[in-house]
Each structure stands twice: as C-alpha cells, then as structure tokens.
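Taking it in order: structure first as structure tokens, then the write-up.
The values are calculated or read from the model by the stated rules, or taken from the named source; none is laboratory data. Here the structure is a predicted model, which is why all the values come from computation and not from measurement. Here Cβ is always computed from backbone atoms with ideal geometry, including for glycine, and neighbour counts include all displayed protein chains.
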Amino acid sequence: MPEADPTRATHRAVDAVWRIEAARLIAGLARVVRDVGLAEDLAQEALVAALERWPTSGIPDNPGAWLMTIAKRRAVDGVRRAARMEQRVTELGRALETTVEFDVEEHVEDDVLRLMFTACHPVLTPPARAALTLKMLAGLRTEEIARAFLVPTPTMAQRIVRAKKTLADARVPFEVPTGAELAPRLASVLGVVYLLFNEGYSATGGPDLLRPALCDEAMRLGRVLAALAPQQPEVHGLLALMELQASRLRARTDASGEIVTLLDQDRGRWDQLLIHRGLAALDRSVELGGAAGRYTVQAAIAACHARARTADETDWGQIATLYGVLAQVAPSPVVELNRAVAVGMAEGPAAALELVDALVDGGALARYHLLPAVRADLLVKLARPGEAKAEFERAAALTDNERERTLLLGRAAECG
C-alpha cells in the first residue's frame, strides 16, 4: 500500500541512508578537513539539505555521493568565509572537488578505520569514546545513544560535544597509530567495534531487530584489525565472537521480521562459513595465549552454541562455567544475568531465579529490559504465570525496539 504522506516516507528513507552512509561520509570528510567534529557538522548539514530537497526532487540514484558532494561544498564555503585562510581555500578546494563519486574513492575503507582510532583516542574517557563511535560510525541519534547508556539525552549531548572539542583542542591526528602507540589504543577500538556489532545484532530502537550492515562493517573492521595486529589474541577473539554470533543472523527473525528465540531457531539457516571462520579465529586466539581474554571467553560461549546440532545438545553446564570465568575477567551485572540464564538451563529455573532476584535487589539493571524478561521466563517455568505476565509487561515497557516489544507483549498475553 503506498505511503499516505510522501514527505514522511522520504524522511524515513533519508534516515535509512544516513545510518548506512554516516560512517564513510564522516570519515571521508575528516580525512580532508582533519577535524572530526567539523566533519560531523558538515555531514549533518548535508543531511539537513537532503531532508529539505529530497521530498520534492526525489532520492538520488547514489545518495551517499549526493551527501558527500553537498558536504564538500559546505566545507569549501566555510573555508572561503574565513579570510585568514585564503591560501588554504585553493588547496582545500582542490582536494575536496577532485572526487565526486563517493563509492569509488580509494581512501574510503581506510578512512573508517582512521575515524575509529581517532574517536578512541586516549584523550577521551571510555564513555566518551563509546558515545562518539556510536554517533559517527553507527549513525545513531543522540537520544538513541542516551537510551543505550541509560542517561538523559542532554547529558549525552554534552558528552558528545565535549568529546569533539577535546579531540580538536588536542589536535589528534586522523591516522591509524603504529608501533608502540598501537597496543594501548587497540583495546578501546576493540570495545567500540563490538559496540558497533551489537547495535547491528540487536538494534537499540526502531522497527527492526537487526541492522545487518552494521554487523558486516564491524566484522570487516575486525578483519582489518586482525591483519594490523596479528599477534594480539583478543583481536582474533573478538573476530571469532562476531562471526559466530553473526552466523545466526538469518535465523533470528522469521519472514515477517518477528523474533525467533535461540532455542527455536532453524539451525539449518545458520551460516556454516561464518561458523568455520569463527572457530578458526577462536583457535588462533587460544594459540596466542588469549584463552582467558574477555572476547575469547565470549567466543567460546558462542562456539558451544555453534557446535550443537540441536538445541537439546547444547552444553549449558560448560556455558555456565564459561560465564563464571567471564564474570572474573570482565565483571558486570549483564554477565551475571547471562550466567543466570545458563544456570537455569543447566540446573533448573529455581537456581537461576535466586541469582536473578539478587540482581533485582542490586538495582544496577533497573532500566535494562532483559532483566524482567529473563525473570518472567523463569517464572513461567516455575508455573507462576501471574507474576510472569507482570514481568513481561514491565520488560516491554523498557525496550525501544518494536520487535522486542511485540515478542514480550505476546509472551505476556500467553500467561493469561
């Protein structure tokens, strides 16, 4: 059925294009203007221009190239307005106007990696690095990032503005570090690559559960990093984790886009090539001595699922043990919640509910929708449907993803 409001439909298309093209657009601009904050401002100006023009002119055949062209023109205009940089006008204008086609620039792939290392520079705090990366590489809106970090939107907006200013004031070079500078920054980059992957694997908000393009980009960056630092076990551990999880993408939703839970997935739809590659990367990490690394342990958990031909063959006892290891390596309430799920599968729902109730009492996951969702599932298994229904409804109210909300409300309805 055609869209009743063409302008609204175009705005949705612009939003979709932005999420796909944002990282390459900002990265390509940052390479030229050498200022990440300015690059994002230029990209945002191009986005505004698209919102103004596309409803009447139509969406161009190559929207990424259109956005890049507009942003470049704004960059040239900005330089021209600065009288003290007259000499730079000629140089910058030549650099900006040499290429129009966005998808054929030889720099594009390297630019995204440079942008990631810039956004993860040590001059920024870890939360600022993560927020800036989600803004620039995942194309998320500030309010979406705020929800993901459970902070007010104005707080997140200030954090992002301060991060860009800090990078500009420190004159952080737009480059991939080498030698002794690489290792200290690698851990931060791995963290934001996994953030990028997770946003693709389970979208923070919106109508779809998955954003496969983000998963693909995160895995591509993981492979680039593995080539850049081949002796770093956690690089291979992260790559293994992403590939093993991505192997399940096709089975995570049905034909209508509704969620299919892990135990109900058709394992024949799992990508065997990604499983093979993921297991090989896991072996490589272990060979390099990284068996106890946070990403390698998570990859080992994913491997337990990948090796099970049916849900019943899953070694939940081993998974629970691995989560215990992970809780020591990278302690967090979310890890404890996942361990509780594994314990429930291995030892029964009563043992798991005790662990979950301790997390409820702790309060750290008060706004995390999966906490009441897990508790509700355990209550169903313990034949306590009334309590389970309330927990499913509470979980549905906490999520901003429409597919998750539909699933949770459906589970609540089943409780009667």
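Tell me, please, whether a residue that is part of a helix (DSSP H, G or I) and closer than 24 Å to Ala170 by Cβ can be found in the stretch 44-67. Yes, the stretch 44-67 has at least one match. Does at least one position in the stretch 148-157 carry a residue that is assigned to a helix (DSSP H, G or I) and in contact (Cβ under 8 Å) with a residue 40 or more places away in the chain? The answer is yes; a qualifying residue exists.
Looking at this structure, is Thr296 part of a helix (DSSP H, G or I) and closer than 20 Å to Leu225 by Cβ? Against the criterion (part of a helix (DSSP H, G or I) and closer than 20 Å to Leu225 by Cβ), Thr296 qualifies. Among the residues of the stretch 351-394, those that are more than 15 Å from Ala340 (Cβ to Cβ), of a type in the set (D, E, K, R) and in a helix (DSSP H, G or I) comprise Glu387, Lys389, Glu393, Arg394. Being modelled with pLDDT of 60 or more, among the hydroxyl-bearing types (Ser, Thr, Tyr) and either exposed (fewer than 15 other Cβ atoms within 10 Å of the Cβ) or within 18 Å of Ala43 (Cα to Cα) (or both) is a property that Thr125 has. Candidates Gly222, Gly237, Gly191, Gly200: the one that is part of a helix (DSSP H, G or I), in contact with a Cys (Cβ under 6 Å, 6 or more places away or on another chain) and not hydroxyl-bearing (Ser, Thr, Tyr) is Gly200.
Screening Thr153, Thr204 for residues that are among the hydroxyl-bearing types (Ser, Thr, Tyr) and within 15 Å of Arg19 (Cα to Cα) leaves exactly one candidate, Thr204. Of the residues making up the stretch 29-43, those that are part of a helix (DSSP H, G or I) and farther than 24 Å from Thr10 by Cβ number 8. In the stretch 22-55, the qualifying residues are those that are acidic (Asp, Glu) and touching a helix residue (DSSP H, G or I) at 6+ places or on another chain (Cβ under 9 Å), and the one that is surrounded by the most Cβ atoms within 10 Å (Cβ to Cβ) is Glu40. The number of residues in the stretch 304-319 being of a type in the set (Asp, Glu) and surrounded by 14 or more Cβ atoms within 10 Å (Cβ to Cβ) comes to 1.
With respect to (1) surrounded by fewer than 19 Cβ atoms within 10 Å (Cβ to Cβ); (2) over 18 Å from Gly200 (Cβ atoms); (3) not β-branched (Val, Ile, Thr), the lone exception for Arg284 is condition (1).
With respect to Arg88, determine if the residue is among the basic types (Lys, Arg), at pLDDT 80 or above and either assigned to a helix (DSSP H, G or I) or within 26 Å of the chain's Cα centre (by Cα) (or both). For Arg88, the condition - among the basic types (Lys, Arg), at pLDDT 80 or above and either assigned to a helix (DSSP H, G or I) or within 26 Å of the chain's Cα centre (by Cα) (or both) - is not met. For the stretch 256-275, the set of residues classified as over 19 Å from the mean Cα position of the chain (by Cα) and either assigned to a helix (DSSP H, G or I) or among the polar types (S, T, N, Q) (or both) consists of Ser256, Thr261, Leu262, Leu263, Asp264, Gln265, Arg267, Gly268, Arg269, Gln272, Leu273, Ile275, listed by residue number. Sort out which residues of the stretch 97-122 are at pLDDT 80 or above and exposed (fewer than 13 other Cβ atoms within 10 Å of the Cβ), and write them in order of number. Once the filter is applied, which keeps residues that are at pLDDT 80 or above and exposed (fewer than 13 other Cβ atoms within 10 Å of the Cβ), the stretch 97-122 yields nothing. Among the residues of the stretch 241-255, which ones are assigned to a helix (DSSP H, G or I), farther than 13 Å from Leu221 by Cα and touching a residue at least 40 places away in the same chain (Cβ under 8 Å)? Correct list: Leu241, Leu244, Gln245, Ala246, Leu249. The residues of the stretch 323-334 that are closer than 19 Å to Val374 by Cα and buried (at least 20 other Cβ atoms within 10 Å of the Cβ) amount to a single one, Tyr323. Restricting Gly278, Gly290 to residues that are part of a loop (DSSP other than H, G, I, E, B) and surrounded by 16 or more Cβ atoms within 10 Å (Cβ to Cβ) narrows the list to Gly290. I want to confirm something. Restricting to the stretch 139-181 and keeping residues that are of a type outside the set (A, V, I, L, M, F, W, C) and touching a Ser or Thr at 6+ places or on another chain (Cβ under 7 Å), which single residue is nearest to Arg367 (Cα to Cα)? Restricting to residues being of a type outside the set (A, V, I, L, M, F, W, C) and touching a Ser or Thr at 6+ places or on another chain (Cβ under 7 Å), the top hit is Arg147. Taking the stretch 158-217 only, how many residues are of a type in the set (Val, Ile, Thr) and surrounded by fewer than 18 Cβ atoms within 10 Å (Cβ to Cβ)? Looking only at that region, the number is 3.
Of the numbered criteria (1) at pLDDT 85 or above; (2) within 18 Å of the chain's Cα centre (by Cα); (3) assigned to a helix (DSSP H, G or I), the one Leu210 fails is (3).
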